[in-house]
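The values are calculated or read from the model by the stated rules, or taken from the named source; none is laboratory data. Note that this is a predicted model, so its numbers are computed, not measured. No Cβ is skipped: glycine too gets one built from the backbone with ideal geometry, and neighbour counts run over all protein chains shown. Accessible surface areas use protein heavy atoms only, side chains included; no ligands, DNA or RNA. Shrake-Rupley method; radii C 1.70, N 1.55, O 1.52, S 1.80 Å.
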Amino acid sequence: QVQLVESGGGLVQAGGSLRLSCAASRSIFSIDTMGWYRQTPGKQREWVARITSGGVTNYADSLKGRFTISRDNAKNTVYLQMNSLKPEDTAVYYCNRWPFPYASWGQGTLVTVSS
């Protein structure tokens, strides 16, 4: 079973930046497309960005130009660089396989953007 550990969240002012990391317990990145998702209380988890094993990226339309997803297969790690953060980006961020997530989700990392 894959274990995913997200980190890098925190409190940041609007306009600031954060870099999130997601470490996997085993070498999965050679074949899997990985994604970042986020969730706010009372809302469904939404997809944010994804990256194929070959490095092709896609983003939710509302986030294009502000977020950048990347991966380091040698380190079994996926990253999410978030710039020009807005209060509406406040959420718990998770990583998982896309489009069919692994059964077990990590604990997520909380991003709070103050206005």
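Tally Lys and Arg at +1 and Asp and Glu at -1 over the other residues with C-beta under 14 Å from the C-beta of S25: what net charge comes out?
Once all neighbours under 14 Å are counted, the net charge is +1.
Can you pull out the GluC sites (Glu not before Pro) in the stretch 1-94 that DSSP calls coil and that have at most 13 other Cβ atoms within 10 Å? Don't jump to the answer; show the numbers that get you there.
Working: sites: E6, E46, E88; in loops: none.
The qualifying sites: there are none.
At 7 Å along the Cα-to-beta-carbon direction for both K86 and S70, put a label point, then send me their distance in nm to one decimal.
Taking the two extended label points, one gets 2.5 nm.
Sequence neighbours fewer than 8 away in the same chain don't count; with that in mind, list the lysines whose C-alpha is under 23 Å from K43.
In chain and number order, the partners are K64, K86.
Pairs of alpha-carbon atoms within less than 8 angstrom and 6+ residues apart define the contacts here; what relative contact order does the chain have, in percent?
Across the chain, relative contact order equals 37 percent.
Of I51, I69, I31, which is the most mobile in a GNM of the chain whose springs link Cα atoms less than 10 angstrom apart?
Residue with maximal mean-square fluctuation among I51, I69, I31: I31.
Test of understanding: what is the full-extension gain from S17 to L110, defined as 0.36 nm times their sequence separation minus their Cα-Cα distance?
Gain in length upon complete extension: 32.1 nm.
Kindly sort F67, F100 by accessible area of their heavy atoms, largest first, with the probe set to 1.4 Å.
F100, F67
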